[in-house]
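The values are calculated or read from the model by the stated rules, or taken from the named source; none is laboratory data. Given the structure is predicted, the values throughout are model-derived calculations rather than measurements. When we count neighbours, we look across all protein chains shown, and the Cβ atoms used for this are built from the backbone with ideal geometry, even at glycine.
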Amino acid sequence: MLVLKNVTKSYDGNKNAVDNLSLEIKAGEIFGFLGPNGAGKTTALKMIAGILQPTAGDIFLRGYSILSQPLEAKKQFSFVSDNPNVFLRFKGIEYLKFMADIYEVDPSVREDRVRALSNEFAMTDVLNDPISSYSHGMRQKIVIIGALIHDPPVWLLDEPMTGLDPKSSFNLKNRMHAHTAANQTVLFSTHVLEVAEKICDRVGIIDKGRLIFVGTIAEMAEHFKEHKSLEEMFLELTEEESPTFEE
């Protein structure tokens, strides 16, 4: 469903923000991308979405290369950025119509989806207000609704729970499970380890641009038997090496 082959990204030609990343994410699974701030999660997601160009390697979405077949590849996914401050002059409903137009959602279908998603995320009463007037959480919700309106097979979500109220967060998690139950794919990044522990089928931990673990939570626990929680395992995987001093 989603394949990364030896993907590298350098912004300055010296240090790699993402370093030789290879990964296959299957249909029917929720895959959690974990890592500390600055680890390379957002850079990797933006390369998958075609926003950033890899320095090396390639990325395939349902068989389409994001580099050589960008239009076909971009039809396969929706992307929720870590920054919801987009199209602030639009009203909420204008933004949703804009997203539906881009993805050529049939008018008879879009009305039902806008109604259902807006009700689910408690946004119905503010759809005619400008996005600039929304709180951070409301902006996050309108971006999520816009990303889901064309019902793509692959969801790319960068810290999607940030700013959401508990009910909206719960509803999004349920939608993620329903999506993968239909043999589709969800890739999302998070630094909230409890979320990953509860909903992910597999996780990948990235640190300093390198993928240092891929597997299930159970496999991670088996690998680090002496630890009792994902948080402890995560901290061990990403901790700085202790400096050594010579006398």
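Just to check your reading of the model, which residue among 30, 25 is among the β-branched types (Val, Ile, Thr) and in contact with a helix residue (DSSP H, G or I) (Cβ under 9 Å, 6 or more places away or on another chain)?
Within the list 30, 25, the selection yields 30.
Mind counting the residues in the range 115-136 that are aliphatic (A, V, I, L, M) and free of Cβ contacts under 8 Å to residues at least 24 places away in the same chain?
The total comes to 1.
In this structure, is residue 87 on the phi > 0 side of the Ramachandran plot and crowded, with 17+ Cβ neighbours inside 10 Å?
yes
Determine if the range 160-183 includes at least one residue that is surrounded by 18 or more Cβ atoms within 10 Å (Cβ to Cβ), assigned to a strand (DSSP E or B), out of contact with any His (no Cβ under 8 Å at 6 or more places or on another chain) and touching a residue at least 40 places away in the same chain (Cβ under 8 Å).
There is no residue in the range 160-183 that is surrounded by 18 or more Cβ atoms within 10 Å (Cβ to Cβ), assigned to a strand (DSSP E or B), out of contact with any His (no Cβ under 8 Å at 6 or more places or on another chain) and touching a residue at least 40 places away in the same chain (Cβ under 8 Å).
Scan the range 75-97 for residues that are of a type in the set (Lys, Arg) and either touching a strand residue (DSSP E or B) at 6+ places or on another chain (Cβ under 6 Å) or in contact (Cβ under 8 Å) with a residue 40 or more places away in the chain (or both) and jot them down.
75, 89, 91
When residue 187 is evaluated against the numbered criteria (1) of a type outside the set (Val, Ile, Thr); (2) part of a helix (DSSP H, G or I); (3) in contact with a Phe, Trp or Tyr (Cβ under 9 Å, 6 or more places away or on another chain), which criterion, by number, is the only one it fails?
Of (1) of a type outside the set (Val, Ile, Thr); (2) part of a helix (DSSP H, G or I); (3) in contact with a Phe, Trp or Tyr (Cβ under 9 Å, 6 or more places away or on another chain), only one is false for residue 187: (2).
Given the conditions (1) assigned to a helix (DSSP H, G or I); (2) surrounded by fewer than 20 Cβ atoms within 10 Å (Cβ to Cβ); (3) touching a residue at least 40 places away in the same chain (Cβ under 8 Å), and given that residue 143 satisfies all but one, which numbered condition is not satisfied?
It is condition (2) that residue 143 fails.
Exactly one of these conditions fails for residue 65: (1) out of contact with any Asp or Glu (no Cβ under 6 Å at 6 or more places or on another chain); (2) on the phi < 0 side of the Ramachandran plot; (3) surrounded by 14 or more Cβ atoms within 10 Å (Cβ to Cβ). Give me its number.
Against the list (1) out of contact with any Asp or Glu (no Cβ under 6 Å at 6 or more places or on another chain); (2) on the phi < 0 side of the Ramachandran plot; (3) surrounded by 14 or more Cβ atoms within 10 Å (Cβ to Cβ), residue 65 comes up short only on (1).
Quick one: would you say residue 221 is crowded, with 21+ Cβ neighbours inside 10 Å, modelled with pLDDT under 90 and more than 22 Å from residue 59 (Cα to Cα)?
no
Which of the residues belonging to the range 123-136 are at pLDDT 95 or above, in a helix (DSSP H, G or I) and out of contact with any helix residue (DSSP H, G or I) (no Cβ under 7 Å at 6 or more places or on another chain)?
Scanning the range 123-136 gives 125, 132, 133.
Looking at residue 156, is it surrounded by 17 or more Cβ atoms within 10 Å (Cβ to Cβ) and touching a Leu at 6+ places or on another chain (Cβ under 6 Å)?
Values: surrounded by 17 or more Cβ atoms within 10 Å (Cβ to Cβ): yes; touching a Leu at 6+ places or on another chain (Cβ under 6 Å): yes.
Here the answer is yes, as residue 156 does meet what is asked.
Of all residues in the range 22-59, how many are touching a Pro at 6+ places or on another chain (Cβ under 9 Å) and surrounded by 22 or more Cβ atoms within 10 Å (Cβ to Cβ)?
1
Among the residues of the range 1-21, count how many are touching a Leu at 6+ places or on another chain (Cβ under 8 Å) and surrounded by 20 or more Cβ atoms within 10 Å (Cβ to Cβ). Walk me through it before giving the result.
Of the residues in the range 1-21, the ones touching a Leu at 6+ places or on another chain (Cβ under 8 Å) are 1-4, 6-9, 21.
Pick out the ones that are also surrounded by 20 or more Cβ atoms within 10 Å (Cβ to Cβ) and you get 1-2, 4, 7, 9, 21.
The number of residues fulfilling the criteria is 6.
Taking the condition under 22 Å from residue 76 (Cβ atoms) and touching a helix residue (DSSP H, G or I) at 6+ places or on another chain (Cβ under 7 Å), does residue 163 pass?
No, not satisfied.
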